[in-house]
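Chemist: The structure's right below; bear with me while I get my questions together.
The numbers here are math on the coordinates, done by the rules we state, and not lab data. This one's a predicted model, so the numbers in the text were calculated from it and none came from an experiment. No Cβ is skipped: glycine too gets one built from the backbone with ideal geometry, and neighbour counts run over all protein chains shown.
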Amino acid sequence: MGKRIISQARGKGSLTYRVRRKAYKYRLGYPVSEGTAKIVKLLNSSAHSAPLAKIIMKKIYFIPAAQGLYEGQDIEIGGDKIEIGNIIQLKNIPIGTKIFNIEKRPRDGGKMVRTSGGSAILLKQERDKSIVLMSNKKEIRLHNECRASIGAVAGQGRTTKPIVKAGKKHHMMKSRSKKWHRTSAVKVNAVDHPFGGGRGKRIKSKIAKRNAPPGRKVGHIRPRKTGKRKGRRR
């Protein structure tokens, strides 16, 4: 009797593939008003890759901690003072400054560049838009009213330490409710995956129909084109 394949189990939403409740323990966001906020505590969240900073400004807020922040430090929200941790609108930030926790839309609380060690660079200013260079070398255009934190996210070098043992990796992934380790589809039995079975890696067609059931919807989902892209010769 075959097992439920991974794509079916993922769709069912068992504990293995469900988002952990602890991920919603701390809700990240910027204060709405401008002024001075105080960093009360730097804390670790198992649902985030970077340490968080608990700040107080009339209410309590949680933001990704900048590299170099310390407890008891005051940071400014708004204004134009360029210091590590300050939260400033893009139009008031000099070109070439490192920023993180950037808002996609004004006043949404910060949505981009929040992983440990991450940072982006303000590349260019236009009339009502700012161009930001992301870590993957892509340029994005954002409204000048969007806010961002000065500096880089703390926790840089988190992934450089070798894991060494498989048991450590097992417990790391288990704490995140992640499926580990994952096996290539062509290596499993035919009853466990549409690509499984067969002697050797005779990979079957990877094109699946748009309305295919979860057990069959694997590989390319109704692609417009397949194969290597042919570029124009110059």
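Chemist: Apply the Karplus parameterisation 6.51 cos²θ - 1.76 cosθ + 1.60, with θ equal to phi minus 60°, to every residue of the stretch 171-187 and state each ³J(HN,Hα) to the nearest whole Hz, in sequence, with x for glycine and proline.
Modeler: Coupling constants for the stretch 171-187: 6, 4, 6, 5, 5, 9, 6, 9, 7, 8, 8, 9, 10, 4, 4, 6, 8 Hz.
Chemist: Under the rule of at least 5 residues apart or a separate chain, name every residue whose amide H is placed under 5 Å from the amide H of K98.
Modeler: G151
Chemist: How much of the DSSP beta bridge set in the chain is antiparallel, as a percent to the nearest 5?
Modeler: Roughly 90 percent of the DSSP beta bridges within the chain come out antiparallel.
Chemist: Can you give the charge dipole size of the chain about its Cα centre, rounded to the nearest 20 debye, using +1 on the beta carbon of Lys and Arg and -1 on the beta carbon of Asp and Glu?
Modeler: Using only the charged Cβ atoms, the result is roughly 2640 debye.
Chemist: Stretched out fully, how many nm does the piece from Y70 to I131 gain, at 0.36 nm a residue minus the Cα gap?
Modeler: Gain on stretching Y70 to I131: 18.9 nm.
Chemist: Sticking with this one: In sequence order, what are the phi-derived ³J(HN,Hα) couplings for the stretch 13-21 according to the Karplus relation 6.51 cos²θ - 1.76 cosθ + 1.60 with θ = phi - 60°, rounded to whole Hz, with x for glycine and proline?
Modeler: Once rounded to whole Hz, the list reads x, 6, 4, 5, 10, 9, 5, 6, 5.
Chemist: Please figure out what share of the DSSP beta bridges in the stretch 107-234 is antiparallel and state it in percent, rounded to the nearest 5.
Modeler: 80 percent
Chemist: Run the numbers on the chain and let me know its relative contact order in percent, using alpha-carbon pairs under 8 Å that are six or more apart.
Modeler: Relative contact order, the chain: 17 percent.
Chemist: If you don't mind, there's one more thing I want to ask. What does the charge dipole of the stretch 141-234 about its Cα centre add up to, to the nearest 20 debye, if the Cβ of each Lys and Arg holds +1 and the Cβ of each Asp and Glu holds -1?
Modeler: 720 debye
Chemist: With the cut-off at 1.5 for a/c, could you classify the stretch 136-234 from its C-alpha gyration tensor as rounded, prolate or oblate?
Modeler: Oblate, because a/c is 1.5 or more while a/b does not exceed b/c.
Chemist: Report the Cα centroid-to-centroid distance between the stretch 55-81 and the stretch 120-199 in angstrom, as an integer.
Modeler: Cα centroid of the stretch 55-81 versus Cα centroid of the stretch 120-199: 26 Å apart.
Chemist: Considering only Cα-Cα distances, which of the following residue pairs are longer than 23 Å: K81/K129; K111/K206; K104/K138; K104/K129; K98/K137; K98/K129?
Modeler: As for pairs spanning more than 23 Å Cα to Cα, those are K111/K206.
Chemist: Return the percentage of antiparallel bridges among DSSP beta bridges fully within the stretch 1-139, rounded to the nearest 5 %.
Modeler: Around 90 percent antiparallel, to the nearest 5.
Chemist: Now, a different point. Short version: ³J(HN,Hα) in whole Hz for each residue of the stretch 133-147, in order, from phi by Karplus 6.51 cos²θ - 1.76 cosθ + 1.60 (θ = phi - 60°), x for Gly and Pro, what are they?
Modeler: Once rounded to whole Hz, the list reads 8, 7, 5, 8, 6, 8, 9, 10, 9, 10, 5, 5, 7, 5, 9.
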